[in-house]
Amino acid sequence: MRTEEELVKLIEYHNDLYWKKSTPEILDIEYDMLLQELGDINPNHSLITQIHTPEVAINAKKVKHNNPMLSLNKAYSLEEVLAWAKKYIRNNDELFRIQPKFDGISANYENGILATRGDGEFGENVTDKLPLIELESEGYRGKLNRDVRGEIIIRDDDFKEKYNTITRKDGRLYKNSRNAVAGIIGLKTIKLMLAQNAKVTLIDYEYISHTVKFAQLAEKWDEILSKLDALPYPMDGIVIKLADATYAESLGNTAHHPRGQIAFKFTGIKKETKLLNVNWSFGKNCLTPVAELEPVELGGVTIRHATLHNYQNILDKDIAIGDIVTLERAGDVIPYIISSKNGEHRKSCIISECPSCGQELKLVGPELTCQNDECFEICLQRLLAAIRSIGIERLGEPNVRKMMESLEVKSLKDVFELSKDDIAKLDGFKTKSIDNLYNEIQKRKVVNDYELLAALNIAGIGKTIAKTILKTWTIAELQNLSLDELSSLDGIGPERAKGITEDLITNATLIEELTSIITTVQTKGQIKEDSKKICFTGKMPEKRSVYEKLASDNGFEPFSKVTKELDILVAMDISKSSSKLKKAEKAGIQIMDLETWLNSIK
Ligand SMILES: [Zn+2]
């Protein structure tokens, strides 16, 4: 047991890392547990009751909000939400609006000034961050163009795709989107972020909402929660408010919160349930344990499964079938098991043999892996990943499984060689669906070479790295690549290079087979290091892709966005003022009209 003093020290240490330095060392959930531990000893400690907001722009000017931005009262169960609602409804038809509670920085844009919520009364002026910000609002995505109150966040998809390369000043990556937002909005200068093409989103609070009558609130709760939960934004709960804004306002505020709104928090909700079984699900390289649970309601959603992450986690937490496990929902992620108590009848959930092929499993790091190259389930997952990567969207797991079982499909090459007659042999395919799938497969027979390389399931090669590699070498040249040559590329260290060269040799036959049936568009030579970066804007006589193709044929590198690296912006009408044109003008990028450019390349 830790003493109050020890806990306070620990929490203050983590507060500093999280809120000021944006470099947390522990998971949010672990932090919450520290707070809870402190709460058990001293429920009134100021560390528990204080409200935190990220400290941004230390030197920025304070902005006084015309309407104070208050924090919301919180509920942790549907019962609490209903009890709150009952206090204010005028009848059972009273309407409520349910909206996401974003996990970012609350901000207000008014008269050209962007300010954070701060302490509610005074916020920080962060207008200098506008070049990084895209507004998302009803029917609109683009530059901030009107007064709005919303939350600055990084979309989940952006964080996944962009922020795996965007680094902080010290060269490190951001740990999560929450820290990235706080870090970026707190920067003194955004030069580095602009150069890395960083983007943050200001999402209008009014953008996403579900309206529901009080009488149906309980019934619709699950459905609305699931819908909101599936959105690509970091959220830590939802906001429920009276839809009649005038009425809500008339109710006024308590000292800290508006009466007409309440926040329902995903975090901090814990429930105990029994672990009924553990199923091991297959991935490309390893087996993941998934808990089968006695159904339990958690935050209004019935939970039957939860991930157990990996083999090591089961050992660390000493989890066995029959145990009583504690579930927690953290942020908008799937609930997971944070601790476990021994049950009466315990049965080990550890397996030593592959449930698919029977081969002995090996421990690699924290993961259990099946190292049998012929293992059906592992082959299925790898083929599925290759199919997704090459972009055959119609082919999901059930059909790939059927193909492997009844058509002896083993590799991407086999998929490309399927005839209409082959597809017709599969259950559930009719004339139209046969044609659709067949045509889609044929279409993907022409791909960029880096798309093919990325589809080979070589550890460490995604599309970005594949493109980097193939800018320098052709697919054919890869076979003779030395370790030194490969590790000289940006983003590939010696360790990674070693794995990649080995995998390239193992995959040599597959690459050869694939390139014999599909056409790859070579990247090398197409994009020269000194090639001019070009972007097109405005409605043009032909499709955008036509001009982009023309540009790359003529040694330009097409860009879809105006960034500082851009050399030329080609516009249909340079007298029109679009956001791209304005941005290019500001950044001193050469602008020309389409005709001039076309003439220049003749
Ligand atoms: Zn196996």
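Couple of notes before you dig in:
- Filter result for residue 242 (more than 17 Å from residue 73 (Cα to Cα) and either in the same structural domain as residue 134 (by TED's automatic domain parsing) or among the polar types (S, T, N, Q) (or both)): no
- Scanning region 92-111 for residues that are touching a residue at least 60 places away in the same chain (Cβ under 8 Å) and among the polar types (S, T, N, Q) yields 92, 99.
- In region 344-360, the residues that are away from the ligand (no atom under 14 Å from the Cβ) and either part of a loop (DSSP other than H, G, I, E, B) or of a type in the set (A, V, I, L, M, F, W, C) (or both): 344, 345, 346, 348, 349, 350
- Exclusive hit being outside any helix (DSSP H, G or I) and of a type in the set (A, V, I, L, M, F, W, C), set 426, 437: 426
- Number of positions in region 391-403 that are more than 27 Å from the chain's Cα centre (by Cα) and either basic (Lys, Arg) or within 16 Å of the ligand (Cβ to nearest atom) (or both): 2
- Residue 363 meets the conditions (1) among the aliphatic types (A, V, I, L, M); (2) buried (at least 16 other Cβ atoms within 10 Å of the Cβ); (3) assigned to a strand (DSSP E or B); (4) within 16 Å of the ligand (Cβ to nearest atom) in every case but one. The failed one is (2).
- Subset of region 182-210 (residues that are outside any loop (DSSP other than H, G, I, E, B), over 16 Å from residue 127 (Cα atoms) and free of Cβ contacts under 8 Å to residues at least 40 places away in the same chain): 192
- The set of residues from region 440-458 being in contact (Cβ under 8 Å) with a residue 60 or more places away in the chain, under 27 Å from the mean Cα position of the chain (by Cα) and part of a loop (DSSP other than H, G, I, E, B) comprises 444, 455, 456, 457.
- Selected residue (only one of 388, 382 is buried (at least 16 other Cβ atoms within 10 Å of the Cβ), in a helix (DSSP H, G or I) and away from the ligand (no atom under 11 Å from the Cβ)): 382
Condition check ((1) within 29 Å of residue 598 (Cβ to Cβ); (2) outside the structural domain of residue 409 (by TED's automatic domain parsing); (3) among the aromatic types (Phe, Trp, Tyr); (4) crowded, with 16+ Cβ neighbours inside 10 Å) across all residues:
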position: 459; (1), (2), (3), (4): no, yes, no, no
position: 466; (1), (2), (3), (4): no, yes, no, yes
position: 473; (1), (2), (3), (4): no, yes, yes, yes
position: 486; (1), (2), (3), (4): no, yes, no, yes
position: 493; (1), (2), (3), (4): no, yes, no, no
position: 506; (1), (2), (3), (4): no, yes, no, no
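- When region 563-574 is limited to residues that are among the aliphatic types (A, V, I, L, M) and over 7 Å from residue 535 (Cα atoms), the one that is surrounded by the fewest Cβ atoms within 10 Å (Cβ to Cβ) turns out to be 572.
- Selection count, region 144-158, where residues are in contact (Cβ under 8 Å) with a residue 40 or more places away in the chain and out of contact with any strand residue (DSSP E or B) (no Cβ under 6 Å at 6 or more places or on another chain): 3
- All positions within region 508-536 that are among the β-branched types (Val, Ile, Thr) and either buried (at least 16 other Cβ atoms within 10 Å of the Cβ) or modelled with pLDDT under 85 (or both): 511, 518, 520, 523, 527, 534
- Some residue of region 75-95 being under 25 Å from residue 145 (Cα atoms) and not β-branched (Val, Ile, Thr): no
The values are calculated or read from the model by the stated rules, or taken from the named source; none is laboratory data. Keep in mind the model is a prediction, meaning the values are calculated, not measured. Using ideal geometry, Cβ is built from the backbone for each residue, glycine included, and neighbour counts are taken over all protein chains shown.
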